[in-house]
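Laboratory data are not the source of any read-out in this text; all were calculated from the coordinates shown. What you are looking at is a predicted structure, and each value in this text was computed from that prediction instead of being measured. Glycine gets a Cβ as well: all are built from the backbone with ideal geometry, and neighbour counts include every protein chain shown.
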Amino acid sequence: MIPASKQSTDLIAQAQADPLRPRYHFTSPAAWLNDPNGVAQWDGLYHLFYQYNPEGPFHDRIHWGHAVSEDLVRWRDRPIALSPGSGPDREGCWSGVLVDDGGTPTIVYSGRADGRELPCLAVGSANLDVWTPLDRPVIDAPPEGLEVTEFRDHCVWREAGRWRQLIGSGIVGAGGTALLYESEDLRSWTEVGPLVVGDGQPVRLDDIDWTGTMWECVDFFRLAPGPDGETGPPDADSADPHLLVFSAWHENITLRPFIAVGSYDGRRFSIDRVQRLDLGGRHAYAPQTFRDDHGRRVLWSWMQEGRDDAAQATAGWSGAMTIPRRLWLDADGGDAAGVVRAEPVAEVESLRSLPLLPLPAPTGQREFAGTAADVEIAARIETGDRLDVVLFATEDGAEHTDLRVHRRAGGVLEIVLDRESSTLAGGCDTSPHAGEVRSTAVETQIRILLDASSVEVFVDGTALTSRVYPTRPDASRIRIESRGGATVTSARAWRLEGTEQPGRVLRP
Ligand code: DQQ
């Protein structure tokens, strides 16, 4: 048998040797990462916990990995926070949140045992490094009298002197839901009922706006309109819009994340508008948000892979986090309920090093090279015009990924990410992503973050996250091309520096 330390070294070396592993996005030391959990700022320090399987690049016996940062972009590993025990989490410590229970760090998570999940709780040391789980679930079963599809994932806040909790679920024959509970002490909970129920019937797997039969990773908060709108936990006494983030799921298919905007009366949430939170769908799954000390609503998502299991096993790692994003609600975005916009947090700019384009470059050079890059373009795109940005292209055009920003008849701005020629490898998802940008801006702002196998695009605050797997070492060309009369008014680009902490181990 190979000693555990040897396996660990091999997996780390294997993962670090993979040219497709992102360099400035957060990844686990190696092996498997999925959802962001317990995202928070505690005593000034940012904490990112995450679904982690240190045994290998596959989803099994999930632990909570843990890392900390001063600036949201450079991370240091901390000891694994939660590991499957012998009680209610013996098959895995699934997603959850971190709350401040009168100064005591407390995790509410889904313990998995006997093939199902129940709400569990763990209490942390002052530095959030050492966690002691309770030996029993804090809720014994889904609500009686309600036939649910699944029952897991948590959003917990204090409101009017009590704890409130949402649990992700789905009602058979109806749709996804978030079930509301109340508590005095986080340990004993009273059921209030479904906060809102989605439209899960009929099953519409081909409809990109379908919200599934279960909602995973529900996250609920209030957010005032405007670029610096105040944000905080849900509050029925506030007239501010409330937002519900959820990940649509159906029979083990992770469909896509949504964000609903509406009003909250303390018991029910009335939805005014539902928006796809990311046009890349499952590649930006299971988002979780928090309010940081600057008052920003910061969001992370799991950048799920798009290559097959065999390729992930060979790579020695699977899954990365998106760049943290700030969310805001644009009341003038062309929809009465407001349009939710996302942008990379400003700290990402601190990773910029070598300029890849002269500053700024409205005309002239429009081709450069980079696989860890930050590209900013401003353009006027009138009806019928199109701006293309070709990414990860080889000299001979054998591999390339094409971003198209197009203004259709009627003035609607549309983004397409065409991955058909993104790789010469088999077994990769090369389906396109597409969607509309709700924007009234005359000049379109395009931001692209590339990192080895990840692409994050923001067009006037509409996010599109994807994964591509170029095979050729020269697949590094980036080309800005205007079609029709699209005018580039500014184009800038920088190389972004890698942030991985040296000397990582699988079980810090
Ligand atoms: N991932 C977790 C679940 C959650 C799902 C398990 C979403 O708690 O529902 O790793 O990706």
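Here's the picture: a label point sits 7 Å out from the Cα of Ala126 along the beta-carbon direction, and within the stretch 72-103 the residues with their amide nitrogen under 18 Å of it are 100-103.
Ranked for footprinting exposure by Cβ neighbours inside 10 Å, fewest first, Thr487, Thr231, Thr423 give Thr487, Thr231, Thr423.
Taken over the C-alpha atoms, the stretch 177-217 has Rg and Dmax values of 14.2, 43 angstrom. According to the calculation over all Cα-Cα pairs in the stretch 277-427, the P(r) per 10 Å bin from zero is 8, 26, 40, 22, 4 %.
Take 335-343, 437-445 and order them by the average number of nearby Cβ atoms within 10 Å per residue, most first; the result is 335-343, 437-445. Volume of the convex hull of the stretch 351-458 (Cα atoms only), normalised per residue: 123 Å³.
The convex hull around the C-alpha trace of the stretch 114-205, projected and averaged over every direction, spans 7.9 square nanometres. Relative to the current alpha-carbon distance between Thr489 and Ala425, full extension at 0.36 nm per residue lengthens the span by 19.4 nm. Over the C-alpha trace of the stretch 18-115, radius of gyration and Dmax come out as 13.8, 45 angstrom. A Förster radius of 60 Å, combined with the Cβ-Cβ distance separating Asp100 from Arg479, puts the computed FRET efficiency at roughly 0.80. Any idea what angle helix 4-17 forms with the longest principal axis of the chain, computed on alpha-carbon atoms, 0 to 90 degrees, nearest 10? So the helix axis and the longest Cα principal axis differ by about 30 degrees. Compared with the alpha-carbon gap, the fully stretched path from Glu443 to Leu45 is longer by 139.6 nm at 0.36 nm per residue. With no solvent and one equal point scatterer placed on each C-alpha of the chain, evaluate the Debye formula and give log10 I(q)/I(0) for q = 0.06 Å⁻¹, two decimals. Reported log10 I(q)/I(0), two decimals: -0.26.
In this label model, Arg116 and Thr383 are separated by 5.6 nm, measuring between points 7 Å along each Cα→Cβ vector.
Dipole magnitude for the stretch 4-343: computed about the Cα centre from +1 point charges on Lys and Arg Cβ and -1 point charges on Asp and Glu Cβ, it is near 620 debye. Available extension along the chain between Ala434 and Arg267 is 56.6 nm, counting 0.36 nm per residue and deducting the alpha carbon span. Place a point 7 Å from Cα of Ala310 in the direction of its Cβ. Which residues in the stretch 419-452 have their backbone N less than 14 Å from it? Answer for this model: 425-428. Rg of the Cα atoms in the stretch 24-78, relative to 2.2 N^0.38 Å, amounts to 1.11.
Need the C-alpha centroid separation for the stretch 407-447 versus the stretch 163-212, integer Å. First find each Cα centre; the distance between them is then 31 Å.
For Leu357, the amide hydrogen comes within under 5 Å of the amide hydrogens of Ala493, counting only partners 5 or more places away or on other chains and with H modelled in the peptide plane. The stretch 399-508 gives an Rg/Rh value of 1.02, both radii derived from C-alpha positions and Rh following Kirkwood. The ellipsoid that matches the Cα gyration tensor of the stretch 226-344 has semi-axes, each √(5λ) in whole angstrom, of 30, 16, 13, with the longest given first.
Computed across the stretch 61-170, the Kirkwood radius stands at 14.8 Å (inverse of mean 1/r, all Cα pairs). Taking label points 7 Å from Cα along the Cα-to-Cβ direction, Leu134 and Asp18 give a separation of 3.8 nm. Residues whose amide H falls under 5 Å from that of Leu279, counting only those 5 or more places apart or on a different chain, are Ala463, Leu464, Thr465, with hydrogens built in the peptide plane.
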